[in-house]
Amino acid sequence: MENIPTVLDWARTLRAAQPDVPIRLDPVTLNPPYPRAGDDPRHGTTFAAAWGARLLKYAALAGIGEVAFAYPLPAPARFAPYAEAPLLETTPTETVDALAMLVNDEPHIWLINLTDEIQQVELEGERYILTAYALTHAKIRS
């Protein structure tokens with residue numbers, strides 16, 4: 001979860017060498033690159049949803065044109081209809097990040113709990129209680 005923002009550095013490095021080549025992340029998975037007995041047990045969990053949403057945020061910020069998940073994760077499927085939606089600027093804390101975008105001229109925000117502890121977020125007077133690795137949608141006023 002912590003290393004996802006390094007996608008920005010990867011993209012910057014790739015563009016320095018090949019500025020006109022589109023970047024695609026593939027395959028994206030929680031599984032390690034070496035063989036093991038089974039799939040990572042976090043697939044299909046709230047952790048996977050939060051991890052996938054955060055990865056999509058930083059891939060979009062890096063200008064990465066395509067992200068191909070090698071294993072069905074809950075979050076990427078949820079965001080597929082919004083692939084072309086413009087991102088809105090957010091600032092993460094150590095415990096909560098946010099994926100915010102403009103959908104049909106309305107701002108939407110997904111709060112991402114980066115921890116295995118309950119977090120509280122207040123957003124425009126609304127209080128959100130985020131369970132461990134929660135991905136919570138909040139439709140905010142424009």
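The values are calculated or read from the model by the stated rules, or taken from the named source; none is laboratory data. Note that the structure is predicted; figures quoted are calculated from it, not measured. Glycine also receives a Cβ, built like all others from the backbone with ideal geometry; neighbour counts cover every protein chain displayed.
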Evaluation of residue 42 against (1) exposed (fewer than 11 other Cβ atoms within 10 Å of the Cβ); (2) in contact (Cβ under 8 Å) with a residue 12 or more places away in the chain; (3) not aliphatic (A, V, I, L, M) (one fails), failing number: (1)
Pick from region 87-142, criterion basic (Lys, Arg) and part of a strand (DSSP E or B), ranking: nearest to residue 56 (Cα to Cα): 139
Does residue 71 satisfy the condition of being touching a Ser or Thr at 6+ places or on another chain (Cβ under 8 Å), at pLDDT 95 or above and within 16 Å of residue 53 (Cβ to Cβ)? no
I need every pair where a residue in region 110-139 that is at positive phi has its Cβ under 6 Å from the Cβ of a residue that is part of a strand (DSSP E or B) and surrounded by 17 or more Cβ atoms within 10 Å (Cβ to Cβ), sequence separation at least 6 or different chains. 133/113
Looking only at region 37-63, filter to residues that are of a type in the set (Gly, Ala, Ser) and farther than 20 Å from residue 5 by Cα; which one of those is farthest from the chain's Cα centre (by Cα)? 37
Report yes if some residue within region 23-32 is touching a helix residue (DSSP H, G or I) at 6+ places or on another chain (Cβ under 9 Å), in a helix (DSSP H, G or I) and under 21 Å from residue 90 (Cβ atoms); otherwise report no. no
I'd like to know if region 61-70 contains one or more residues that are of a type in the set (A, V, I, L, M), surrounded by 13 or more Cβ atoms within 10 Å (Cβ to Cβ) and in a strand (DSSP E or B). yes
What pairs come up if the first residue lies in region 75-95 and is closer than 15 Å to residue 140 by Cβ, the second is at pLDDT below 90 and assigned to a helix (DSSP H, G or I), and their beta carbons are under 9 Å apart, counting only those six or more places apart or on different chains? 85/79
Looking at region 8-36, which of the residues that are modelled with pLDDT under 90 and surrounded by 14 or more Cβ atoms within 10 Å (Cβ to Cβ) is farthest from the chain's Cα centre (by Cα)? 31
Which residues, taken from region 99-126, are at pLDDT 95 or above, closer than 26 Å to residue 81 by Cα and touching a helix residue (DSSP H, G or I) at 6+ places or on another chain (Cβ under 9 Å)? 112, 113, 114
